[in-house]
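Encoded as structure tokens, the structure appears first; notes follow it.
Only the coordinates and a few stated rules stand behind these numbers; no lab work does. For clarity, every value in this text was computed on a predicted model and none was experimentally measured.
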Amino acid sequence: MANKIIPLIKSQNQSFTITLPVNGQNMTLTLGFTYNTQGEYWFMSVRDRTGARCLTPCQS
């Protein structure tokens, strides 16, 4: 699998659109990134073409 570097800065509301092969068909996803400066961590969301969330947040 090829690796890609995502050019992020410590800012809110950055997004990128990617297309991945899934089960023999291309799937377009939007990756959203937000940096929490107080907690010093990144949050990433994954949405499909309709805007529906593909992954739900983990609970600890």
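May I ask you to derive the relative contact order of the chain, considering only C-alpha pairs under 8 Å and at least 6 residues apart, and to give it as an integer percent?
So the answer I get is 23 percent.
Please work out whether the chain counts as rounded, prolate or oblate from its C-alpha gyration tensor, where a ≥ b ≥ c are the square roots of the eigenvalues and a/c under 1.5 means rounded, while otherwise a/b larger than b/c means prolate and anything else oblate?
Prolate, because a/c is 1.5 or more and a/b exceeds b/c.
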